[in-house]
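Participant: If you scroll down you'll find the structure; I have some questions about it.
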Amino acid sequence: MIQNVRGTRDLLPDQTQGWQYLEKIFVNVAERFGYAEIRTPIFELTEVFTRTIGENTDVVSKEMYTFIDKGDNSVTLRPEMTAGAVRAAVQHNLTATGQLQRLWYIGPQFRYERPQAGRYRQFYQCGAECYNSPHPEADAELIMFAATVLHECGIKDFTLKINTLGTTECRQQYITALTKYLNDKKSELSPDSQVRLEKNPLRILDSKDRGDIAILQQAPILSDCLSDESKQHFEKVLRILEENNFAYTIEPKLVRGLDYYSHTVFEFTSNALGSQDALGGGGRYNTMFEYFGGKNTPSVGFSLGMDRIINVLQQIRPEIFNQPGIDCYIVALDKTVSGFVQHLAMDMRKQGKKVITDLQFRSLKAQMREANKIGAKTVIVIGEEEVRTGMYKEKNMEDGSETEISHHFDG
Ligand code: HAM
C-alpha cells in the first residue's frame with residue numbers, strides 16, 4: 001500500500017469539523033480587528049527565506065524543502081508566511097506611501113523537522129502581520145489578536161511569554177557580550193551549543209541542557225544592553241496588555257528561532273501539550289522590507305500553529321469535532337421511487353435544509369438504522385403510494401409526531 005509521506009497527515013472527516021471551527025473563529029476575529037486576507041504562493045524563490053529568516057537558523061540551515069525546478073531556479077516550499085507576505089507587499093506596493101496595512105493568512109507550511117507529536121513536516125498556520133507602525137500599540141494589537149483567537153476557541157490555559165530584543169544595535173551588542181562570556185566556557189558547553197556559539201549564539205539561551213543552563217546563570221543579560229527607547233517601547237506594550245487584562249510572563253531568555261526580530265518577541269505555550277508546547281509566536285521585525293528593495297517599514301506579526309491548537313481542542317472540546325446534524329433523511333422503499341426522492345431532496349435543499357438519501361438501495365430497515373445513527377431530525381418514507389398521491393409524512397424523530405405534507409415540486 002502506498003502511504004502518505006512521513007511527517008504529513010491526512011485530516012479525516014472525524015477531524016475536519018474541528019479545523020473548520022478554528023478557521024471560522026480565526027477569520028471572525030481577524031475581521032473584528034480590521035485585517036484583510038492575503039494569499040501568497042506555497043513556494044517562493046529560495047532567497048526569499050534565506051535572506052530574511054537567516055542562514056544560520058535551524059529553519060534555513062536544516063529544515064527547508066528546497067529544490068531546483070526545471071527552469072534551474074532554486075525554489076523552496078514556504079516554511080512560514082512572514083517573508084512571502086513582505087515580498088508580495090513590496091512587489092505590489094501595498095505600503096509604498098507609508099500606509100498602514102493589516103493582513104491575515106491561513107495555510108500549509110513545510111519544514112523538514114524530525115516528526116513527533118505536535119511537530120509535522122506539513123503543518124498549518126494562521127496569522128497576521130501589520131505594516132507601517134513603529135509604535136507599541138501595534139505590537140499590543142497583534143498579541144491581543146492572537147490571544148483573542150485562543151480565548152474564543154475555548155483555550156484559557158495558555159501562557160503568554162514575552163521579551164524584548166531591543167533595537168538591532170542593542171541585539172548586536174548583546175550578542176557580542178554573550179559570545180565573549182561563552183567563549184571562555186566553550187569546552188564546558190554541550191556539543192550543540194558549541195556549534196551555535198559559532199553560528200547563532202542567541203539560540204544557546206534556549207538550550208535545555210542542564211550544564212548549559214548552569215553556565216547561562218552568570219551570563220550577561222539582554223535587558224542590560226537595552227537603550228532607554230527600547231525599554232520604553234516594551235513597557236508601553238506591557239501596559240496595554242495589563243489595561244486589557246491579558247496576563248503575561250516576562251521571559252528574559254526568549255529569543256525565538258528566526259533572525260528577523262527586534263524589540264518585542266512573544267510566544268504562547270500550553271500545558272496541555274508535551275515538549276512541542278508552543279501554540280504560536282511572533283514579534284516585531286523592522287528591517288525585512290529593505291531585503292526586498294522596499295522602504296523602511298516597521299512591522300509586527302504572529303503565527304499560530306493550527307495543528308497544535310487542534311491537539312488541545314481535541315482534549316478540551318471534543319464536541320466541536322462532531323459532524324453537523326442532518327435535518328431530514330428520505331427513505332426510498334424501492335428503486336422505482338428514486339426519481340421522486342431525488343427531486344424532493346433537491347427542493348428541500350433549495351429551502352436550506354440538510355437532506356440526505358440512500359444511494360445504495362438498501363432495505364427500509366437499513367435506511368432507518370442509518371437515519372437513527374446519524375441523528376436525522378426527521379425521516380420521510382417514500383413508496384409508490386406517496387409518489388402517486390404526492391402526499392407523504394415527515395416524522396419527527398425526537399417526539400415521534402408526524403406531519404402530513406402535500407408536495408408541489410418547484411419545477
Ligand atoms: P514560528 O515560531 O516559527 O514563527 O512558528 C509559529 C508556530 O507554528 C509555532 O509556535 C508552532 O505552533 C507552529 N509550528 C512551527 N513548526 C511546526 C511544525 N513543524 N509542526 C507543527 N507546528 C509547527 C513563525 O513562523 C513566524 N512567521 C511568526 C511571525 C509572524 N512572526 C512575525 N510574524
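Read the figures in this text as sums done on the coordinates, not as results from a lab. Given the structure is predicted, the values throughout are model-derived calculations rather than measurements. So basically every Cβ, Gly included, is an ideal-geometry build from the backbone, and we count neighbours across all protein chains shown.
Participant: Name every residue in the range 296-319 that is more than 14 Å from the ligand (Cβ to nearest atom) and of a type in the set (S, T, N, Q), in order of residue number.
Facilitator: Restricting attention to the range 296-319, the residues satisfying the condition of being more than 14 Å from the ligand (Cβ to nearest atom) are 296, 314-319.
Passing the criteria: ASN296, GLN314, GLN315.
Participant: Out of the residues in the range 4-32 that are basic (Lys, Arg) and assigned to a helix (DSSP H, G or I), state the one that is nearest to the chain's Cα centre (by Cα). Outline the logic, then answer.
Facilitator: Pass one, the range 4-32, residues basic (Lys, Arg): 6, 9, 24, 32.
Okay, now just the ones that are also assigned to a helix (DSSP H, G or I), so 24, 32.
Working: LYS24: 12, ARG32: 18 Å.
The extreme case among them is LYS24.
Participant: Related question: Please count how many residues of the range 126-145 are farther than 17 Å from THR164 by Cβ, within 14 Å of the ligand (Cβ to nearest atom) and not hydroxyl-bearing (Ser, Thr, Tyr).
Facilitator: Counting residues in the range 126-145 that are farther than 17 Å from THR164 by Cβ, within 14 Å of the ligand (Cβ to nearest atom) and not hydroxyl-bearing (Ser, Thr, Tyr) gives 6.
Participant: Also, I was wondering about something else. Which residue pairs have Cβ atoms under 8 Å apart, sit 6 or more places apart or on different chains, and have a first residue in the range 238-266 that is over 18 Å from THR148 (Cα atoms) and part of a strand (DSSP E or B) and a second that is of a type in the set (Ser, Thr, Tyr) and within 16 Å of the ligand (Cβ to nearest atom)?
Facilitator: What qualifies is THR264/THR164.
Participant: For the range 344-387, what are the residues that are part of a loop (DSSP other than H, G, I, E, B), in contact (Cβ under 8 Å) with a residue 40 or more places away in the chain and either hydroxyl-bearing (Ser, Thr, Tyr) or buried (at least 16 other Cβ atoms within 10 Å of the Cβ) (or both)? Lay out the reasoning, then the answer.
Facilitator: Of the residues in the range 344-387, the ones part of a loop (DSSP other than H, G, I, E, B) are 351-354, 358-363, 374-377, 383.
Then keep just the ones that are in contact (Cβ under 8 Å) with a residue 40 or more places away in the chain; that gives 374-377, 383.
Result: ALA376, LYS377, GLY383.
Participant: If you check THR159 against the conditions, is it assigned to a helix (DSSP H, G or I) and either touching a helix residue (DSSP H, G or I) at 6+ places or on another chain (Cβ under 7 Å) or touching a residue at least 12 places away in the same chain (Cβ under 8 Å) (or both)? Walk me through how you get there before you give the answer.
Facilitator: Working: assigned to a helix (DSSP H, G or I): no; either touching a helix residue (DSSP H, G or I) at 6+ places or on another chain (Cβ under 7 Å) or touching a residue at least 12 places away in the same chain (Cβ under 8 Å) (or both): yes.
Answer is no for this residue.
Participant: So in the range 255-275, with the set limited to residues that are within 20 Å of VAL60 (Cβ to Cβ) and either near the ligand (Cβ under 9 Å from one of its atoms) or aliphatic (A, V, I, L, M) (or both), which one is surrounded by the fewest Cβ atoms within 10 Å (Cβ to Cβ)? First the steps, then the outcome.
Facilitator: Our first condition is that a residue be within 20 Å of VAL60 (Cβ to Cβ); within the range 255-275, this holds for 255-262, 265, 267.
Add one more test, that the residue is either near the ligand (Cβ under 9 Å from one of its atoms) or aliphatic (A, V, I, L, M) (or both), and what stays is 255-258, 260-261, 265, 267.
Details: VAL255: 23, ARG256: 20, GLY257: 17, LEU258: 23, TYR260: 22, TYR261: 25, VAL265: 22, GLU267: 21.
So the residue we want is GLY257.
Participant: Also: Could you list, in sequence order, all residues of the range 33-49 that are assigned to a loop (DSSP other than H, G, I, E, B), surrounded by fewer than 18 Cβ atoms within 10 Å (Cβ to Cβ) and among the aliphatic types (A, V, I, L, M)?
Facilitator: ILE42
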